Amino acid sequence: MTAQGLKDWLAFLTEHAVVVIDAMVLVLVVVGTVETFINGLRVMLTSRSGHERRDVWLRYARWLVAGLTFQLAGDIIETAVAPTWEDIGRLAAIAVIRTFLNYFLERDLAEVRERQSQSGPNATDGK
């Protein structure tokens, strides 16, 4: 196989892999959003517990972080083949957003774990 043939084959694979990954991201974000909408309505209508509302949003943040992680993977693949400054800038922006979201999600999860450990193993979450 010639070098040009290999480049064409890699470009073909990359293009299709990015489309598949983008579809996976779409599914993650849509499913997470629908789940959050339904659970958010349920909690708003039935619960007075702030813990349950926070749990709904933490779960949604996990969906979004997963979507951003996959999108970052797709952008890395796409940028590796034919990087432009626009591609590199988009990749950097997604990496920064994902890093900040992940940081704040981890901080929130640590706070929840700390509160749960302080309240004891038999404590309820207000349900």
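The values are calculated or read from the model by the stated rules, or taken from the named source; none is laboratory data. Since this is a predicted model, take the numbers as computed values, not measurements. Don't worry about glycine lacking a Cβ; one is built from the backbone with ideal geometry, like all the others, and counts go over all protein chains shown.
Laid out as a table, the results:
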{"quantity": "Boolean, residue 23 is of a type in the set (Gly, Ala, Ser), part of a helix (DSSP H, G or I) and in contact (Cβ under 8 Å) with a residue 40 or more places away in the chain", "calculated": "no"}
{"quantity": "Hey, residue 13 closer than 27 Å to residue 65 by Cα, in a helix (DSSP H, G or I), free of Cβ contacts under 8 Å to residues at least 12 places away in the same chain and not hydroxyl-bearing (Ser, Thr, Tyr) or not", "calculated": "yes"}
{"quantity": "Residue in segment 36-54 that is surrounded by the fewest Cβ atoms within 10 Å (Cβ to Cβ), counting only those that are more than 23 Å from residue 119 (Cα to Cα) and among the hydroxyl-bearing types (Ser, Thr, Tyr)", "calculated": "46"}
{"quantity": "Identity of the residue in segment 71-98, farther than 21 Å from residue 12 by Cα and charged (D, E, K, R), that ends up surrounded by the fewest Cβ atoms within 10 Å (Cβ to Cβ)", "calculated": "90"}
{"quantity": "Residue, nearest to residue 18 (Cα to Cα), within segment 44-74, restricted to residues that are more than 21 Å from the chain's Cα centre (by Cα) and either modelled with pLDDT of 85 or more or β-branched (Val, Ile, Thr) (or both)", "calculated": "44"}
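Okay, residues lined up against (1) among the basic types (Lys, Arg); (2) at negative phi; (3) touching a residue at least 60 places away in the same chain (Cβ under 8 Å); (4) in a helix (DSSP H, G or I):
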position	(1), (2), (3), (4)
34	no, yes, no, yes
42	yes, yes, no, yes
45	no, yes, no, yes
55	no, yes, yes, yes
60	no, yes, no, yes
76	no, yes, no, yes
93	no, yes, no, yes
98	yes, yes, no, yes
